[in-house]
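Below is one structure, written out as structure tokens, with a few remarks after it.
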Amino acid sequence: MKRPVEKRQVEGWKDRASLAITTFGVGYLPGPTGTYGSAVGVAIYVALALVEPKFAAHLRGGGLSAAAADSVLFIINTVLLAAFCFVGIAASTRAIDLLGDEDASEAVVDEVMGQLVTLAFVPFTLSWPMLLAGFLLFRLFDIWKPYPINDLQYLKGGLGICADDLVAGVYAGLCLAIFSYLATIF
């Protein structure tokens, strides 16, 4: 278990922004905050899945082929996810002494990231069975923490908060991709 750290007062917009990003507002709710964070990740994914077809149509209307539009969207999504992960890790690092713990239960940005990584392994879909499977798979790997996920929690700073969930997201995403493929052939 990670040790508590001395808690300090919020000072300025950088601290407020770090807490907002780290907790997504749901980190302060009573109950299973990690599950709430995963639900936020699914909600972000659903919002993007609703917007993506319109953006793809716009790209195709601008003269891109369907394959080129899909490639552009893949690159944009990858860059946005990577940027979100870097911002989340930085915000988590800053929030450690604001929350008074190296892995405070209020910090849910790691679950949001992990859930988005899980769902990145399949094409955008609003298939509720696939979304539920992705949600449950991520929660399973996040709680179970098979090797090396558990060991990653002991890294320093925001990386220690987030790395285990990112790898849990990869494990869950690989399983989800296999399930998605099997669903297409059966």
Problem set entry | Filter result for V72 (of a type in the set (V, I, T), closer than 21 Å to G134 by Cα and in a helix (DSSP H, G or I)) | no
For this session: Looking only at segment 106-161, count how many residues are closer than 23 Å to E52 by Cβ, of a type outside the set (A, V, I, L, M) and assigned to a helix (DSSP H, G or I).
Result: 9
For this session: Can you tell me which residue within segment 123-142, out of those that are surrounded by 19 or more Cβ atoms within 10 Å (Cβ to Cβ) and without any contact (Cβ under 8 Å) to a residue 60 or more places away in the chain, is nearest to D164 (Cα to Cα)?
Result: F141
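Considering segment 143-169 alone, what residues qualify as being surrounded by fewer than 17 Cβ atoms within 10 Å (Cβ to Cβ) and either under 13 Å from C85 (Cα atoms) or not aliphatic (A, V, I, L, M) (or both)? First the steps, then the outcome.
Our first condition is that a residue be surrounded by fewer than 17 Cβ atoms within 10 Å (Cβ to Cβ); within segment 143-169, this holds for 143-144, 146-148, 150-151, 154-157, 159.
Selection gives W144, P146, Y147, P148, N150, D151, Y154, K156, G157, L159.
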For this session: Check segment 56-79 and report whether any residue there is under 25 Å from G27 (Cβ atoms) and loosely packed, with under 13 Cβ neighbours inside 10 Å.
Result: no
Seminar exercise, completed: Over segment 82-101, the set of residues among the hydrophobic types (A, V, I, L, M, F, W, C), surrounded by 14 or more Cβ atoms within 10 Å (Cβ to Cβ) and within 17 Å of the chain's Cα centre (by Cα) is F84, C85, V87, I89, A90, A91
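Coordinate-derived values only; no laboratory data. This one's a predicted model, so the numbers in the text were calculated from it and none came from an experiment. Heads up, the Cβs are rebuilt from the backbone with ideal geometry, glycines too, and the neighbour counts pull from every protein chain shown.
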